[in-house]
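Below is one structure, written out as structure tokens; the observations come after it.
FYI, it's all coordinate maths here, none of it is from the lab. Keep in mind that what you see is a predicted model, and the values were worked out from it rather than measured. Note that we place each Cβ from the backbone using ideal geometry, even for glycine, and neighbour counts take in every protein chain shown.
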Amino acid sequence: MKKILELKNLKKHYPVISGVLRRQVNSVKALDGIDLDIYRGECLGMVGESGCGKTTTGKVIIRLQDPTSGHTIYHPESNGLPADISSMSRRAMKKAGIRGKLQMVFQDPATSMNPRMLVKHIIAEPIREQVRLGSRELEDRITGLLELVGLSKSHLLRYPHEFSGGQRQRIAVARAIAVNPEFIVLDEPTSALDVSVQAQILNLLRKLQKELGLTYLFITHHLLVVKYISNRVAVMYLGKIVEIADTRDIFSHPLHPYTHALLSGIPVPDAEHKSRRMILTGDVPSPLNPPDGCRFHTRCPFVTDQCRKREPLLETVQDGHKAACHRKSEIQKQLVL
Ligand SMILES: Nc1ncnc2c1ncn2[C@@H]1O[C@H](COP(=O)(O)OP(=O)(O)O)[C@@H](O)[C@H]1O
Ligand SMILES: [Mg+2]
């Protein structure tokens, strides 16, 4: 499989400024060194509790935000040279034709769309940035995009507030695919929608992925959504990836205790399973001062001295299944979902 993106020790620390001298006193380690390969055509799910750095990861990858350090290597589809986009200026990215290739769709289309713009202009905006089209041509292209996402020409001259949440998300998707992207970060794209509408949007995203050959990074805290849509899943905890594997493997034999805890939160109809549930205690520690050693050690029922002292690496266990836990092999034997 061909890589589209390669993240190397990518970090994003937000400075915390305080005092009359406006000095930096600390930093929020939102994203604290992740290594990740994303393959062309896959849907990579990303899960983890609120505040663990999922949105930051998406924004830093596509350069809506600048990373603090680390690298993001973009591999072009044709046999062009790989480019490190972590340090490229936005103008250089545009010139190299990379800007439009990386897009993002947010959870709440109501806030990511200008309420005073007509749908036609919302979708035209990214297209105008890339190519010059006559008004007729532009309108045809926008109509085509609307039809692709299940809307129609009759929606061109309406404002966002005239649509339902699901329809607004369709408009956001149309805007994201308007400039023929290769990679889209979908940040909780269905979390604000009614359950019945969620399924429609998920099916639309799946259809578009297939038809347009897209690669997705699908961020959600909803595990069943990830199970439905992703080929692989990365589990994040406090700015780090703690486990990554094929979706099947994550759900059938998770190796990290945190993944176990997340999966235990999914209601299982079988009463026999209840005794094996692992309930997480304590709050997520602050990303201002993450715990030493393994970041999960303050909440982990399997904690040992080693876990408090040394940070575990994200290591391959088998077939691309990686976990960052000192006790992964013992846990694999003990915990059965
Ligand atoms: N612009 C910002 N300035 C300071 N801190 C931020 C900013 N954006 C996010 N954070 C902090 O970074 C951490 C990760 O946030 P985020 O990436 O939004 O997590 P998630 O999407 O997983 O909920 C949180 O502690 C959040 O408060
Ligand atoms: Mg988020």
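Values as computed for the structure displayed
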| quantity | calculated |
| --- | --- |
| Cβ crowding within 10 Å averaged over residues, with 243-256, 113-126 ranked highest first | 243-256, 113-126 |
| Near-label residues of the range 88-107 by backbone N, under 14 Å of a point 7 Å along Cα→Cβ of residue 73 | none |
| Highest-MSF residue in the chain out of 175, 141, 91 [GNM, Cα springs under 10 Å] | 91 |
| For the chain: relative contact order, % (alpha-carbon pairs under 8 angstrom, 6 or more apart) | 19 |
| Alpha-carbon centroid distance for the pair the range 280-337 / the range 195-226, whole angstrom | 30 |
| Cβ-defined net charge surrounding residue 14, 14 Å radius [Lys, Arg +1; Asp, Glu -1] | +2 |
| Summed residue charge, Cβ within 12 Å of residue 179's Cβ, Lys/Arg positive, Asp/Glu negative | +3 |
| Computed lengthening from residue 110 to residue 64, 0.36 nm per intervening residue step minus Cα-Cα distance | 14.7 nm |
| In degrees, nearest ten, helix 165-177 long axis to first principal axis of the chain (Cα) | 80 |
| Separation of the residue 131 and residue 199 label points, Cα + 7 Å toward Cβ, nm | 3.7 |
| DSSP beta bridges in the chain [antiparallel fraction, %, rounded to 5] | 65 |
| Whole-Hz couplings from phi, Karplus 6.51/-1.76/1.60, listed for the range 183-189; x for Gly and Pro | 9, 10, 8, 9, 9, 6, x |
| Packing-based ranking, highest mean first, of 23-32, 79-88, 216-225 given that Cβ atoms within 10 Å are counted | 216-225, 23-32, 79-88 |
| Residues whose placed amide H lies under 5 Å from that of residue 185, excluding near-sequence neighbours | 103, 104, 105, 217 |
| Theoretical gain in end-to-end length, residue 121 to residue 50 [0.36 nm per residue, Cα-Cα removed] | 22.3 nm |
| Packing rank of 4-14, 155-165, 64-74, where each peptide gets the mean count of other beta carbons within 10 Å, highest leading | 4-14, 64-74, 155-165 |
| J(HN,Hα) series, the range 99-116, from Karplus relation 6.51 cos²θ - 1.76 cosθ + 1.60, nearest Hz, glycine and proline x | 3, x, 6, 10, 10, 9, 10, 9, 4, 10, x, 5, 8, 8, 10, 5, x, 8 |
| Environment charge of residue 27, counting only residues whose C-beta is closer than 13 Å and scoring Lys/Arg +1, Asp/Glu -1 | +3 |
| R0 of 22 Å, Cβ-Cβ distance residue 84-residue 40: FRET efficiency to nearest 0.05 | 0.75 |
